[in-house]
Amino acid sequence: MLKILNVAEKNNAAKSIASLLSKGTCRKRESAAPFNQIYEFEYNLFNQNCLMVMTSVSGHLLSLEFSNKYKRWDSCDPIELFDAKIERVCPKKYQKVMLSLQREVQSCQKLIIWTDCDREGENIGYEIIEACSNVHNNLDVYRAKFSEITASSVAKSICDLKRPNRLASDAVEVRKELDLRVGAAFTRFQTLHLTKAFPDQLTGSLISYGSCQFPTLGFVVERYKQREKFVSKPFWKVCVFDEKDNQKVEFLWDKERMFDYQVCWNFFNKLISHQSLAVQSVIRRPKNKCRPVALNTIELLKLASRKLNINAKKTMTIAENLYSEGLISYPRTETNIFTETFDFRGIIESQTSDQNWGLFAKNILDRPNPRNGTKSDQSHPPIYPTKYTNNLKGKEKKIYDLIVRNFLACCSEDAKGSETAVSIDVSHEKFTASGLMVFERNYLDVYPYERWVNKKIPEFENGQTFSPKSIQLNKGMTQAPRLLTEADLIDLMEKHGIGTDSTLAEHIETIKKRSYVRIERNLFVPTVLGLGLVE
């Protein structure tokens, strides 16, 4: 019987894939690596009955290190690290995983890679190939391509096996080498120089540098310095208030505010000299509130941070676990566009039994109307629920619920209402009041993360005159820009191309771990060390 070794990126993924392919009949046995079990089952592939051996690694199997000559920090000038010899080694904690792979592959004729379908996954796949090829010459290697761990997706991928993509893996190798050389050279330089210059404060500290980590810190410092340099200034504005049928209304000045008190006082004096005011126009127009677009990684991180108070690192860990359990699609994606062939009905139907959003899902089942964005990585679909569950708790439940509700809201309709704008003209100064009536909540019924409520104002007619209840001259002070939240920081990183959807959370976590920033009331504040490094 043909024997095939199958390797996934994590044990949970291996277990789920084996269970799906074997329809729950796979047999588990222990391996040399205690956290990477082996699952066996028979499967018809390549037009014959095969014995499938499914196991996993735990992420990257190999890492890049400098040769022994350059490992000691006092062994060379840090600048030499840009040209120093680099070796690929298996870290001690993964040597049992390597041993397990090499034992199993010796009796196999083919190898199928089931790692995540992105560049990083392709690179891990080639690390697996390298480990197996060292003990098995002429191994026939295939690559399974999938975006979700579901029965249909796994079955489709194994029927359409590809060859691994060496170029995608090489791209990661280049990035890893650059990260090592640049990071190590600057980290050693900074640490050696600064601990010597400031022994009382920094002795024993590791002052790391990273080509994405440092710009991330830079955004935090830049906003902090803007706030510190900010000088608050007084301003004045004129407001017109009226009340009719127990409904209060405020007319806002089109000039908004003025920084010259005397000029503003002159306008105010003109206004209060009028006993009655005339309505210049009443405009009623339809108003929609747009439903969310299909969900990608960066939007998931921002939403979880803003709406659930769950940080980016924790969000990605939870999302990866949900993916491995077959509950959501692949969570590392830039795409926010669903294809025309996507099975909206099947996914929506799977959610119709839920007590909280089941009825909403039933109502949109026959008329899904997805709102797409403009981004596609040509590899993965947006993030969506692949299977229904009501067994989750805590933060896992919150993230899963967010993904389900975003998907259902995206497939629904915009909220619809009517906006009324009433304008008055006083001595050529325009003031406007606005009201809102919501007629159809639509997506808002399933999406509690946004609000859109009625704002009632009295009825006014074009040309009508009325005596305002009061006209006020109010003073205010300009406010300094707010320190960055995590969602603000992710926005800036995305805008300036710092990191990728897969690495944003790691870079933010690093500057926290290195004590370059601290978090106060969910805002990022640079430490003295963080400020000093950027300056």
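The values are calculated or read from the model by the stated rules, or taken from the named source; none is laboratory data. All values derive from a computational prediction rather than experimental measurement. We place every Cβ from the backbone using ideal geometry, glycine too, and count neighbours over all the protein chains shown. Areas reflect the complete protein model, heavy atoms only, side chains present, ligands, DNA and RNA absent. Shrake-Rupley method; radii C 1.70, N 1.55, O 1.52, S 1.80 Å.
Can you go through Phe460, Phe524, Phe466 and tell me which one is under 30 Å from Arg291 (Cα atoms), outside the structural domain of Glu320 (by the TED database) and among the aromatic types (Phe, Trp, Tyr)? Talk me through it step by step, then tell me what you get.
On the way: Phe460 fails: under 30 Å from Arg291 (Cα atoms); Phe466 fails: under 30 Å from Arg291 (Cα atoms).
Criteria check complete, one pass: Phe524.
Among (1) open to solvent by 10 Å² or more (accessible area, probe 1.4 Å); (2) in contact with a Lys or Arg (Cβ under 7 Å, 6 or more places away or on another chain), where does Lys455 come up short?
Against the list (1) open to solvent by 10 Å² or more (accessible area, probe 1.4 Å); (2) in contact with a Lys or Arg (Cβ under 7 Å, 6 or more places away or on another chain), Lys455 comes up short only on (2).
Of all residues being β-branched (Val, Ile, Thr) and open to solvent by less than 10 Å² (accessible area, probe 1.4 Å) in the range 309-331, which is nearest to Ala14 (Cα to Cα)? Just the residue, please.
Per the stated criteria, the residue is Ile328.
Could you list all residues from the range 61-95 that are touching a residue at least 12 places away in the same chain (Cβ under 8 Å), in contact with a helix residue (DSSP H, G or I) (Cβ under 6 Å, 6 or more places away or on another chain) and surrounded by 14 or more Cβ atoms within 10 Å (Cβ to Cβ)? Give the steps one after another, and end with the answer.
Filtering the range 61-95 for residues touching a residue at least 12 places away in the same chain (Cβ under 8 Å) gives 61-67, 69-70, 73, 78-79, 81-82, 84-91, 94.
Narrowing further to those that are in contact with a helix residue (DSSP H, G or I) (Cβ under 6 Å, 6 or more places away or on another chain): 61-62, 64, 73, 78, 81-82, 84, 90.
Passing the criteria: Leu61, Leu62, Leu64, Pro78, Leu81, Ala84, Cys90.
Which condition number does Glu243 fail, the rest of (1) in the same structural domain as Pro468 (by the TED database); (2) buried (at least 16 other Cβ atoms within 10 Å of the Cβ) being met?
The number of the failed condition is (2).
Of all residues in the range 133-163, how many are open to solvent by 30 Å² or more (accessible area, probe 1.4 Å), part of a loop (DSSP other than H, G, I, E, B) and not polar (S, T, N, Q)?
Of the residues in the range 133-163, 7 are open to solvent by 30 Å² or more (accessible area, probe 1.4 Å), part of a loop (DSSP other than H, G, I, E, B) and not polar (S, T, N, Q).
Please state which of the following conditions Lys3 fails to meet, knowing it meets all the rest: (1) among the charged types (D, E, K, R); (2) open to solvent by 50 Å² or more (accessible area, probe 1.4 Å); (3) not in a loop (DSSP other than H, G, I, E, B).
Looking at each condition in turn, Lys3 falls short on (2).
Kindly establish whether Asn49 is open to solvent by less than 80 Å² (accessible area, probe 1.4 Å) and either modelled with pLDDT of 95 or more or more than 28 Å from Ser329 (Cα to Cα) (or both).
Spelling it out, Asn49 is indeed open to solvent by less than 80 Å² (accessible area, probe 1.4 Å) and either modelled with pLDDT of 95 or more or more than 28 Å from Ser329 (Cα to Cα) (or both).
Quick one: how many residues across the range 345-368 are surrounded by fewer than 18 Cβ atoms within 10 Å (Cβ to Cβ) and either among the aliphatic types (A, V, I, L, M) or assigned to a helix (DSSP H, G or I) (or both)?
8
Which of the following residues is within 19 Å of the chain's Cα centre (by Cα) and among the acidic types (Asp, Glu): Asp377, Asp354?
Only one candidate qualifies: Asp377.
How many of the residues in the range 181-201 are in contact with a Pro (Cβ under 7 Å, 6 or more places away or on another chain) and aromatic (Phe, Trp, Tyr)?
Counting residues in the range 181-201 that are in contact with a Pro (Cβ under 7 Å, 6 or more places away or on another chain) and aromatic (Phe, Trp, Tyr) gives 1.
Out of Glu413, Glu419, Glu429, which single residue is open to solvent by less than 30 Å² (accessible area, probe 1.4 Å) and either under 30 Å from Val282 (Cβ atoms) or charged (D, E, K, R) (or both)? Give the derivation first.
Numbers: Glu413 fails: open to solvent by less than 30 Å² (accessible area, probe 1.4 Å); Glu419 fails: open to solvent by less than 30 Å² (accessible area, probe 1.4 Å).
Being open to solvent by less than 30 Å² (accessible area, probe 1.4 Å) and either under 30 Å from Val282 (Cβ atoms) or charged (D, E, K, R) (or both) holds for just one of Glu413, Glu419, Glu429, which is Glu429.
Of the conditions (1) at pLDDT below 95; (2) touching a Ser or Thr at 6+ places or on another chain (Cβ under 9 Å); (3) of a type outside the set (A, V, I, L, M), Thr485 clears all except one; give me its number.
(1)
For Met98, all conditions in the list (1) open to solvent by 50 Å² or more (accessible area, probe 1.4 Å); (2) assigned to a helix (DSSP H, G or I); (3) touching a Leu at 6+ places or on another chain (Cβ under 9 Å) hold save one; what is the number of the exception?
Result: Met98 fails condition (1) only.
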